Amino acid sequence: MTSGSGRDTVSVRRHNLSTVLRHLHVNGPTTRTQLGKITGLTRSAVGDLVAELSARELVSESDVIAEFGRTRGRPSLLVAARADLARVLAIVIGDDTMQAAWVGLGGSVGAVAEVPHDYVPGDPEPSLDQLTALLRGQLRDSGHPPLAIGIAVPGLVRATDGAVALAPRLGWRELPLADELRRRIDVDAPLVTGNDSNFTALAEHLRGAGREHDHMIYLGCGLGVGGGIIVDGRLLQGGHPGYAGEVGHMVIGDGALPCYCGGHGCWETQVAADAVFRHAGVTVTGAHARKSALADLLARSERNDTAARDALTAVLPAFAAGVATLLSLFNPGRVILGGVFAHLLQHAESDLRTAIAYHRPVLSNGPVDLVPAELGVQGSLRGAAEAAVDAFLAGLRTGSTATPQAVRDAGSVAGRGSGSRTSRMPTRSPTGSAISTSNTGR
Ligand SMILES: [Zn+2]
C-alpha cells in the first residue's frame, strides 16, 4: 500500500477499512497478524485501522492468542465483526408473505419476522404500505440503526436506480421501489434492491453450496425459474445492470409455448409448475393454488407416488437441455439447484446426467458438478443481507466523524440529483445489486 496525501490517502484508507471488514464478514474472526498479511500493512497500520473500526462499533477485539509456526510465539489480538451492533436489515418481498431479519456482520441471522403480503395485482400501493409498516416496525424495535437495508424482489430490478422493471406475479411495472421506500422511511443508511434469485445466488456463493466456487450458477424452479450467475466471484449484471441471469426466459426447444413475459419458448414454460401440471394432466390457476398444488406434487413424489414422480420427471429433458446450454455458455465450476430442480437431482440424477451428456458429451472440466442448494428458504433473505453489507462497504467512509450511521448518500439507489454514479467498489464485491455509489464523501 502506498501512502500519499489528501484524496489518495483517504481513498487508500477507505479501501483498507473495507478490505478488513469484508474479510471479517466473510471469513470470521481473524488475528491482527493475519489481517496484516491480507492487507499487506504493517502491524501498527493494522492496529490503527482496527482502532477506528472498533471506535465505530463495527469490530471488537478479544483474547490475546499465541500465533504458532513462528520462531517465537507471538501474541496477536483476535478481531471479530460486532454482530450485536453492526447489523443490516434484510427484507424479502414474496408473493404471499414479506419477511424481515437483522443480520449481523459475519452473517448471523436473527429472528425472522414474517407478515402476510396482501397484494393487489397491478396496484403497488397496498404492498408499499405493508412494506413501509414492516420496515418502520423493525427499525423502531431494533434500538440501533442498520448499516444498510437490502430488499429482495420477485422480479426484474434495474441496478442503476433500484426500480422494479417488472414483477409479473405482483403486476408491478416500472415501480421506483427504492425511491418510494426512501421517501417513506427515515433512515440514514444505504438501501439496496435486487432480484430474489440473484440474491440467492449471492448467498449460496458466500454462505452455502457455492463457497469456494468463483464460477457458479444457481437455478431455482417453482412457479417460475429464477437464477443467478456468479462469474469470477461476482454476480453477473450485464450491460443493462440487474437484467442478466434471467435464465427462465432463455429459449429452449422449438420456441412454441407462449410465456407470460410476452415471448415464446421460454425455459420456464417447459420446466416450471405449469409444465409439471400439464404432464400431470391437471389445470391449476392462481398463484396460491399453483404453489400449493406444486408442493403437493413434490410431497407425493417424495413418498414415491408414481404419478407425481412421473409428472415431475417429465420435465427432465427440457431441464437438461437448459443446463447443457448454460454449461456451454458459462462453464461454471458448480451448478446449484433449488425447488423442482433439486428434487429431480435427488430422485433422477442418473437420468439427468445422461440427458445433459446427450447434449454436451464433451465438457471441458470433467463431470458436471450438480448439487442441491444449502440455504433453502433463507437464500434470498441471506442474499439481501449480503447485498446490504456490500452497499455499506461500498459507501464506507473514514475519519473521526465517520460513524456507522454516517453513510448518507453514499449508497443512494434513488439517483437523486446529478451526482456521480461511478461505482468504486473499495474491495472485491460479489454483489450485483441495485446500488449506485457515489463515493464523494470523506
Ligand atoms: Zn418468458
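The values are calculated or read from the model by the stated rules, or taken from the named source; none is laboratory data. Since we're looking at a predicted model, the values are computed, not measured. Note that we place each Cβ from the backbone using ideal geometry, even for glycine, and neighbour counts take in every protein chain shown.
Structure values in brief
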read-out: Test result for LEU139, out of contact with any helix residue (DSSP H, G or I) (no Cβ under 8 Å at 6 or more places or on another chain), touching a residue at least 12 places away in the same chain (Cβ under 8 Å) and under 19 Å from PHE392 (Cα atoms); value: yes
read-out: Conditions (1) within 15 Å of the ligand (Cβ to nearest atom); (2) more than 25 Å from LEU375 (Cα to Cα): number failed by ALA280; value: (1)
read-out: In the range 281-316, residue modelled with the lowest pLDDT [restricted to those that are within 26 Å of ALA244 (Cα to Cα) and in contact with an Asp or Glu (Cβ under 9 Å, 6 or more places away or on another chain)]; value: ALA287
read-out: Candidates LEU134, LEU89, LEU77, filtered to the one that is in contact with a helix residue (DSSP H, G or I) (Cβ under 7 Å, 6 or more places away or on another chain) and closer than 27 Å to ALA165 by Cα; value: LEU89
read-out: Failed item, numbered, when LEU223 is tested on (1) out of contact with any Gly (no Cβ under 7 Å at 6 or more places or on another chain); (2) farther than 23 Å from ALA318 by Cβ; value: (2)
read-out: Some residue of the range 209-231 being crowded, with 24+ Cβ neighbours inside 10 Å and assigned to a helix (DSSP H, G or I); value: no
read-out: Matching residues, the range 247-261, being within 8 Å of the ligand (Cβ to nearest atom) and in contact (Cβ under 8 Å) with a residue 60 or more places away in the chain; value: TYR260, CYS261
read-out: Index of the failed condition, LEU329 passing every other in (1) of a type outside the set (Gly, Ala, Ser); (2) surrounded by fewer than 19 Cβ atoms within 10 Å (Cβ to Cβ); (3) part of a loop (DSSP other than H, G, I, E, B); value: (3)
read-out: Qualifying residue in the range 12-28 (condition: among the basic types (Lys, Arg) and loosely packed, with under 13 Cβ neighbours inside 10 Å); value: no
read-out: The listed residue being basic (Lys, Arg) and either without any contact (Cβ under 8 Å) to a residue 40 or more places away in the chain or in a helix (DSSP H, G or I) (or both), out of ARG182, ARG169; value: ARG182
read-out: The range 101-126 residues that are assigned by TED's automatic domain parsing to the domain that holds GLY379 and closer than 27 Å to VAL389 by Cα, paired with ones that are of a type in the set (D, E, K, R) and at pLDDT 95 or above (beta carbon under 6 Å, 6 or more apart); value: TRP102/ARG87; GLY104/ARG87; GLY107/ARG207
read-out: ALA320 vs. criteria assigned by TED's automatic domain parsing to the domain that holds MET216 and surrounded by 21 or more Cβ atoms within 10 Å (Cβ to Cβ); value: yes
read-out: ALA275 being surrounded by fewer than 24 Cβ atoms within 10 Å (Cβ to Cβ), outside any loop (DSSP other than H, G, I, E, B) and either within 16 Å of the ligand (Cβ to nearest atom) or within 26 Å of the chain's Cα centre (by Cα) (or both); value: yes
read-out: Of all residues making up the range 123-153, the number that are part of a loop (DSSP other than H, G, I, E, B) and modelled with pLDDT under 95; value: 3
read-out: Yes/no for GLN237 being on the phi < 0 side of the Ramachandran plot, within 13 Å of the ligand (Cβ to nearest atom) and not charged (D, E, K, R); value: no
